[in-house]
Structure formats: C-alpha cells, structure tokens
Amino acid sequence: MSVKISDFGVLANGTKIQKYTIENSQGTSVSVITYGATLISALVADRNGVFKDVIVGFDDLEGCVERTDYQGVVVGPYANRIGNSEFSIDGIKYKLNSNENGVTCLHSCGEFNTAVWNAELADDSSVEMSYVSPDGVNGFPGRINVSVKYTLTDDNELKLEYSAVSDKKTVINLTNHAYFNLGGFDSGLILDHTMQINADCYTPVDELSIPTGEIASVENTPFDLRTAKRIGDEIDADCEQLKFTGGYDHNFCISGYDGTLKTAAVAFDSVTGRKLEVLTDLPGIQFYAGNFLKGTIGKSGKPMEKRSGFCLETQFYPDTPNHPDFPQCTFEAGEKYHTVTVFKFSAE
Ligand code: BGC
C-alpha cells in the first residue's frame, strides 16, 4: 500500500489543491483531491486484468470548479433535496437558499463540495479530509466539524467513513456523488450495465423530485431491482415516476436497515466483468442514472453524455426533515454523526 501526494492546481484565489493517490498491492488506485474532497479517479481491473478509470468526471481542477453535476464530490451538510427549502427543528423554522426552480434546495446549494478540505494521511492506505462549515451557510444551522476518511484495502474496497459534529442541533446527511461507468469513463452509456438494489420499497416523488411521503412497494414497477436488471430495460418505461425524473433518480429504502453495514446495491458490466458492490449502514440509496448529464467536456476531452455514468448515493431519505416518519437525521449539539459506505470493486 502507498499514498502519493501531488499538486493538482491552484484556485483563482491562490489556494493550492492537492491530489492524494492511494494504491494497493493489486495495482488498484484511487485519487481524491482537497477541492470538494472529490473522488476523481479509481483505476480498477477488468476480468482480464486490464485497468481503467471507472469514474466519470474531470482530470483538471478547472473542470472540477466549473462542474454543474457534482461529479465525485462529498455533498453536505444535507445531500439530496429539501422541499420548499425549509424545515423546522423544535419549532424554529430554518429557511434555506434554493437552487432549483426557486423552490427546492438541492445538495445544500453546494457547500461542502466547493470547499477546500484539509487532508491528513491516516496511514499508508488512508487519507482523511476535514472541513469546518460555518454556522448558517445557505441557511443551515450549526458550525459543523466534518471529516471523510477514504481508505483503500487490499481487497479493492474503497471505504468512506463520514464523521461530523455540530455546535447546534441540526440536520446532517452526507454522501459521495461519484458517477461510475464500469466499462471505463469513456466507454459510452451505462444502459447495458445491470443494477441490483436490495430494496423492497422506494420513496416516490412529486414533479419537483420531493418525496410524497409514501413508502411504496417496488413490486410490479420498474423500481423492482431486487434481482439484477439491465438499466436500459425499463429506464424509459411508461411510468409517471420515471417521467417526473427523466429516468431512474430515486431513493431506495434499503431492506433490513438497522444501522449496520449491509449490501445495498450491486452494479455489473458484463462486457468487462467489472462489478461494484455498495455497502452502507444508512437507510437509503439514491440510484441516479445520470439523466441530466448533457455532454460537458470531461476527462481526456470527452463529453459526458446523458447516462454515461450512474451514481449510487448512500443517504438518509431526501427531505427527511419534513417527514417525521422517515428514519431521522437531526443531531443534537455535540452529538456524533458517523456513517460508513464501502465501494467494493471486483471482476468476474
Ligand atoms: C440528484 C439529481 C440531480 C443530480 C445533480 C442527484 O443526486 O438525484 O436529481 O440532478 O444529483 O448532479
């Protein structure tokens, strides 16, 4: 195992950004930069031992700064959407900024993902990124100390360990927004990948992608991914939910949620044999099929076309602060938020 540190570029304000590359004994490597604590690459072998970068995104800082689709970043303090950009805690209403339709707040209007994080080497297989979010950014209460520790194991597991603590009671929901293409970042669309999600239920949304509050069964719907299904098979099915979101872009309720690490999803590319398993101790996972990608130029000067990458964002359900029946993510002042997500790569 080894970690290499290199310069990745300089922001307009003069701040230097570093890249940390962790490599294991199998030759798998992942790179993370201090801007947005962004996962920018993951070199993974296929069934013939051919390594390719399976992360769709940018290879330079300029792209990372100008991005509009949250490629590879850590999102927080609240990943996903909050309806009407408001919620209440103990009778106090918090009005947030909105960055969608003037109504909803998506990915906290982009705070953690545009911050410069401090990086520290934890050991020869881990780098820990940390950031202090000031009280009140975009309307969210609390000064939050947050860290994300990225570890690569010799079993090709990329482990993300999220920790946070606020000085005021607040909502916390952190995720990573990497877009994966198991054929390689430049190998076209992900419609031929299969996806399996261990969820009996999902949270249907309204026209603004805010959960209606219903926990609906996936049975007899395109959301029944309990056995692996080709992503392209039903992504454009005649179904109101898929029309609202332009394809899969929904929160799945992980079956058997009890706060321990469980396999939530498995994606597979039969062409290369690369497989990605996602494990988490969280209750939800957003399967987003990259429907809103629109050809922005990414790595190697190649456009990131619609559906050329998929995200599996482990999370509390979207809009949880406005749904008392969902598993809650409001934390007391001083209370520790700690969750783990594992991206495990293999080939068969
Ligand atoms: C959301 C999509 C959104 C995307 C932005 C995803 O987490 O589910 O609706 O367009 O983030 O990159």
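Quick note: the coordinates plus some simple rules give every number you see, no bench work behind them. Predicted model only: the values in this text are computed from it and were never measured. Cβ sites come from the backbone with ideal geometry, for glycine too, and all protein chains shown count toward neighbours.
Tell me, what ³J(HN,Hα) does each residue in the range 169-174 have, in order and in whole Hz, if you take phi through Karplus 6.51 cos²θ - 1.76 cosθ + 1.60 with θ = phi - 60° and put x for Gly and Pro?
So the Karplus estimates, Gly and Pro as x, are 4, 7, 9, 9, 7, 10 Hz.
In the chain, with Lys and Arg counted as +1 and Asp and Glu as -1 at Cβ, which of these residues, HIS250, ASN220, ASN113, has the Cα nearest the positive end of the dipole, that is, farthest along it?
About the Cα centre, the residue reaching furthest to the positive side is ASN113.
Quick check: residue separation of GLN328 and ASP7 times 0.36 nm, minus the Cα distance between them. What number comes out in nm? Before the final figure, lay out the partial values.
Numbers: separation 321, 0.36 × 321 = 115.56 nm, distance 3.96 nm.
Residue separation times 0.36 nm, minus the Cα-Cα distance, leaves 111.6 nm.
I'd like the per residue volume of the convex hull spanned by the Cα atoms of the range 2-347, given in cubic angstrom. All intermediate terms of the calculation are to be shown ahead of the outcome.
Values: hull volume 42.9 nm³, N = 346.
Dividing the Cα hull volume of the range 2-347 by its residue count gives 124 Å³.
Suppose each label sits 7 Å from its Cα in the direction of the beta carbon; what would the ARG47-ASP238 distance come out to in nanometres?
Spacing of the two 7 Å Cα→Cβ label points: 3.7 nm.
If amide hydrogens are placed 1.01 Å from N in the peptide plane, which non-local residues have theirs closer than 5 Å to the one on LYS302?
none
About the Cα centre of the range 2-347, how large is the charge dipole given +1 on each Lys and Arg Cβ and -1 on each Asp and Glu Cβ? Please answer in debye to the nearest 20. The partial results should precede the final answer.
Values: 28 positive and 47 negative charges, 106 e Å.
Around 520 debye, computed over the range 2-347.
Rounded to the nearest 0.05, what FRET efficiency do ASP90 and HIS338 have when you use their Cβ-Cβ distance and R0 = 25 Å?
Working: r = 23 Å, r/R0 = 0.92.
Efficiency computed from Cβ-Cβ geometry: 0.60.
Mind sorting VAL171, VAL266, VAL30 by how few other Cβ atoms lie within 10 Å of their own Cβ, fewest first? Walk me through the numbers on the way to the answer.
On the way: VAL171 23, VAL266 19, VAL30 26.
Ascending Cβ contact count within 10 Å gives the list VAL266, VAL171, VAL30.
Given the options GLN71, GLN196, GLN315, state which has the largest fluctuation in a GNM of the chain using a 10 Å cut-off (strictly under) for Cα springs.
Greatest mean-square fluctuation among the candidates belongs to GLN196.
With springs only between Cα atoms under 10 Å apart, run a GNM on the chain and tell me which of PRO141, PRO324, PRO303 wobbles the most.
PRO324
How high is the relative contact order of the range 2-347? Use alpha-carbon pairs under 8 Å, at least six apart in sequence, and give a whole percent. Don't skip to the answer; put the middle values down first.
Numbers: 939 pairs, mean separation 63.3, N = 346.
Dividing the mean separation by the residue count of the range 2-347 yields 18 percent.
Compute a Gaussian network model of the chain, connecting alpha carbons closer than 10 Å, and tell me which residue from ALA237, ALA199, ALA37 fluctuates the most.
Its mean-square fluctuation being the largest, the pick is ALA237.
Run the simple label-point estimate for ARG226 and LEU261 please: 7 Å along Cα→C-beta, distance reported in nm.
2.6
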